[in-house]
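Q: Okay, handing you the structure first.
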DNA sequence: CTAGGTGCAAAAGGTTTGCGGTTAA
DNA sequence: TTAACCGCAAACCTTTTGCACCTAG
């Protein structure tokens, strides 16, 4: 049944005028297997275990293609390496200073949409990114 | 009366265990003169017109010192060079895709604080950064 | 006097690019 | 068939580092 995912990927690539290649499927698989927001280099390492001949330039190219066709989001925290996230639901990122984990935080179903930011009249929002740093529940417990 | 600013800077540096130097004052002056969120390189270029012997490493060091003592904020948009902002009021940044201007957007005095983000129980927020991309009033008008 | 800061140049990430060969459509 | 893509290596941009000299406290 992973053909379902593969099929969806191919369709998305096609709609964006991009080709379906084995490398792009591998890179997307890597992102779906462990949704831990890996960097390009981490994706490269994981992809290499499956197909050792893949290159880092290709990984960047593939990640770019996935971003272009709307299946993957880039996550930028500070100046460190860009991370990649296959969760396309509206959410923001919480980086734990204690353990380094990045959590996806979804907009609460009820109440005002936390992810909608207000801008003065005349401005129009194209894209909005929220990132929060702090301590996660596990690290907070440890500290007690 | 710029002595007032200089005095405040020195005090802040001292409280953080940092020394007052002419370079740190120059860099801070550059940031205050035009609050247009320059990159380190732009600060470097502007500072050099006053004192041509300043080095880029020193500019980075000074900006770092100013961030450490709470007079300046870093602004990271995408992967481009870090920008520096001497506005320490609670606000977020709006980047105009049309003209490249970065606007400071303040939290509206009334209504729910837009800059406060909700996180699930157990998480504690240390720092929160919001950045929005879109089109500014001037560019929206032009497009009509 | 001396810890901390400066200037210079070299190195270190992270990402992009150029190019000859390969492949999806 | 051919434009798009791959792999490799070199280049690029931003930031950091090492080191000898300098200076604020």
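The values are calculated or read from the model by the stated rules, or taken from the named source; none is laboratory data. As the structure is a computational prediction, the values presented were derived from the model and not from experiment. Note that each Cβ is placed from the backbone with ideal geometry, even for glycine, and that neighbours are counted across all protein chains shown.
Q: Test each condition in (1) within 9 Å of another protein chain (Cβ to nearest Cβ); (2) exposed (fewer than 12 other Cβ atoms within 10 Å of the Cβ); (3) closer than 26 Å to residue A:135 by Cβ for residue B:130 and report the one that comes out false.
A: (2)
Q: Checking the structure you have, find out if any residue of region A:106-120 is within 16 Å of DNA strand C (Cβ to nearest atom), over 26 Å from residue A:13 (Cα atoms) and either free of Cβ contacts under 8 Å to residues at least 60 places away in the same chain or in a strand (DSSP E or B) (or both).
A: Within region A:106-120, none of the residues are within 16 Å of DNA strand C (Cβ to nearest atom), over 26 Å from residue A:13 (Cα atoms) and either free of Cβ contacts under 8 Å to residues at least 60 places away in the same chain or in a strand (DSSP E or B) (or both).
Q: Okay, next question. Do the conditions hold for residue B:24, that is, is it touching a strand residue (DSSP E or B) at 6+ places or on another chain (Cβ under 7 Å), outside the structural domain of residue B:104 (by TED's automatic domain parsing) and touching a residue at least 12 places away in the same chain (Cβ under 8 Å)?
A: When the stated conditions are applied, residue B:24 does not pass them.
Q: If residue A:41 satisfies every condition in (1) crowded, with 16+ Cβ neighbours inside 10 Å; (2) away from chain B (no Cβ under 14 Å); (3) within 10 Å of DNA strand C (Cβ to nearest atom) but one, which is the exception?
A: Answer for residue A:41: the failing condition is (1).
Q: Among A:36, A:104, which is the only one that is away from DNA strand D (no atom under 14 Å from the Cβ), modelled with pLDDT of 95 or more and surrounded by fewer than 13 Cβ atoms within 10 Å (Cβ to Cβ)? Full working, then the answer.
A: Working: A:104 fails: surrounded by fewer than 13 Cβ atoms within 10 Å (Cβ to Cβ).
Just one listed residue meets the conditions, A:36.
Q: For region A:74-91, does any single residue satisfy the condition of being outside any loop (DSSP other than H, G, I, E, B), modelled with pLDDT under 95 and touching a strand residue (DSSP E or B) at 6+ places or on another chain (Cβ under 6 Å)?
A: Yes: region A:74-91 contains one or more residues that are outside any loop (DSSP other than H, G, I, E, B), modelled with pLDDT under 95 and touching a strand residue (DSSP E or B) at 6+ places or on another chain (Cβ under 6 Å).
Q: So if I check each of B:13, B:31, B:4, which one is surrounded by 16 or more Cβ atoms within 10 Å (Cβ to Cβ), more than 10 Å from DNA strand C (Cβ to nearest atom) and in a helix (DSSP H, G or I)?
A: Matching residue, one of B:13, B:31, B:4: B:31.
Q: Restricting to region A:63-86, give me the number of residues that are touching a residue at least 40 places away in the same chain (Cβ under 8 Å), within 21 Å of residue A:11 (Cβ to Cβ) and surrounded by 15 or more Cβ atoms within 10 Å (Cβ to Cβ).
A: Matching residues across region A:63-86 total 8.
Q: Can you name every residue in region B:52-104 that is within 22 Å of residue B:19 (Cβ to Cβ) and within 11 Å of chain A (Cβ to nearest Cβ)?
A: Residues of region B:52-104 that are within 22 Å of residue B:19 (Cβ to Cβ), as a first pass: B:53-74, B:84, B:86, B:88.
Within region B:52-104, B:74 is the sole residue that qualifies.
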